[in-house]
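The values are calculated or read from the model by the stated rules, or taken from the named source; none is laboratory data. Note that the structure is predicted; figures quoted are calculated from it, not measured. A quick note on method: Cβ atoms are made from the backbone with ideal geometry, for glycine too, and the neighbour counts reach across all protein chains shown. Each accessible area value is taken on the protein alone, full model and side chains, heavy atoms only, with ligands, DNA and RNA left out. Shrake-Rupley method; radii C 1.70, N 1.55, O 1.52, S 1.80 Å.
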Amino acid sequence: MRKKIVAGNWKMNNDLNESISLINEIKEVLVEREDVKAIIAPTFVSLDRASQLLKGTNIGLSAQNMCYEDSGAFTGAISAKMLKSVGCEYVILGHSERRTLFGESNSDVNKKMKKAISEILTPIFCIGETLEERENGEMKTVIEKQVREGLEGISEAELTGTIVAYEPVWAIGTGKVATPDQAQEVHAFIRNLLKEMYSEELAENTTIQYGGSVKPENAAELNGRPDIDGALVGGACLKADSFVAIIKNA
Ligand code: 13P
């Protein structure tokens, strides 16, 4: 059976000292649950210290991005091996902010997915449509393209364990959360696509998180839907209390 996973994407927030404080606060208030896994994704500069602070807990550590190359002349880039060396187990790939602000294509995301998997880093594979695409009736076409191109050449065995995050771009940081019905419709669509591309077993076992203005107040209702398996949280993960409340309500 698949697990609910609540991941906090810190984005470009918190310097090293602020990161240490937030992790300590989360450790103080979090009551770990068997059925919900918590993951945090601080910035690169805080990962090493974060992994030391998380020792002895079940909280997972994720990076927010990585390069698909191993090493060499790629100024500013960070490799999967480097992330592993500081204790990362997960990496967020294809976040809509990477796609829209930094021009990442489905093919870039595909290369990163393959590299992460080959280095035994679990991807949190992000997909989602813009408001314009939704209003033009292109939502499913866009999502299907992101899934098919992002996962091209990846086998069922390789994909097993990957986390998928559906984040409608229009709901990110806007306070405009998708309704549980809207989210469920897309989650079921993605699960069905995975079934078509791989197998019923893989589809049923894949965690599909919802992301976009998730708060303690809406986490329970969203997670009450059959195909919604946790959350990828932005703004509300920057305070220990609200992040922990989302985990509790999931
Ligand atoms: P918000 O929760 O701030 O809308 O951000 C969602 C997100 O992008 C998580 O990756």
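Take every DSSP beta bridge with both residues inside the chain and express the antiparallel ones as a percent of the total, to the nearest 5.
Restricted to the chain, the bridges split so that about 0 percent are antiparallel.
What does the convex hull of the Cα atoms come to per residue for the stretch 97-233, in Å³?
104 Å³
Which listed residue (GLY230, GLN64, GLY128) has the Cα farthest towards the positive end of the charge dipole for the chain, taking +1 on Lys and Arg C-beta and -1 on Asp and Glu C-beta about the Cα centre?
Of GLY230, GLN64, GLY128, it is GLN64.
What number, in nm² with one decimal, is the all-direction average of the projected area of the convex hull of the alpha-carbon atoms of the chain?
12.4 nm²
Sticking to Cα atoms, compute the Rg of the stretch 20-115 to one decimal and its Dmax as the biggest Cα-Cα distance, whole number, in Å.
Values for the stretch 20-115 (Cα only, Rg and Dmax): 14.7, 44 Å.
Can you give the alpha-carbon Rg of the stretch 156-211 over 2.2 N^0.38 Å, where N counts its residues?
Scaled against compact globular proteins, the figure is 1.22.
Under 16 Å from the 7 Å Cα→Cβ point of MET12, by amide nitrogen: which residues of the stretch 79-102?
95-102
Take each of the peptides 144-152, 15-23, average the number of other beta-carbon atoms within 10 Å over its residues, and list them starting from the highest.
144-152, 15-23
Quick one: with all protein chains in place, what share of the accessible area of the chain is carbon or sulfur, to the nearest percent (1.4 Å probe)?
About 51 percent, which is the carbon plus sulfur part of the accessible surface.
Viscosity 1.002 mPa s, temperature 20 °C: give me the Stokes-Einstein translational D for the stretch 175-250 in µm²/s, with Rh taken as the Kirkwood radius over C-alpha pairs.
It diffuses with D of about 168 µm²/s by this estimate.
Give, in nm to one decimal, the length gained when the segment between GLU217 and GLU185 is fully stretched (0.36 nm per residue of separation minus the Cα-Cα distance).
Answer, rounded to one decimal: 9.4 nm.
Could you let me know the centre-to-centre spacing of the stretch 151-179 and the stretch 47-64, using Cα atoms, in angstrom?
The stretch 151-179 and the stretch 47-64 have Cα centres separated by 22 Å.
Roughly how many Å² is the accessible area per residue of the chain, as a whole number, for a 1.4 Å probe?
Normalised by residue count, the accessible surface of the chain is 45 Å².
Compute the FRET efficiency between GLN52 and GLU158 as 1/(1 + (r/R0)^6), taking r as their Cβ-Cβ distance and R0 = 25 Å, and round to the nearest 0.05.
Calculated transfer efficiency: 0.25.
Please give the length that would be gained between SER107 and SER199 if that part of the chain were fully extended, namely 0.36 nm times their separation in residues minus their C-alpha to C-alpha distance (nm, one decimal).
30.8 nm
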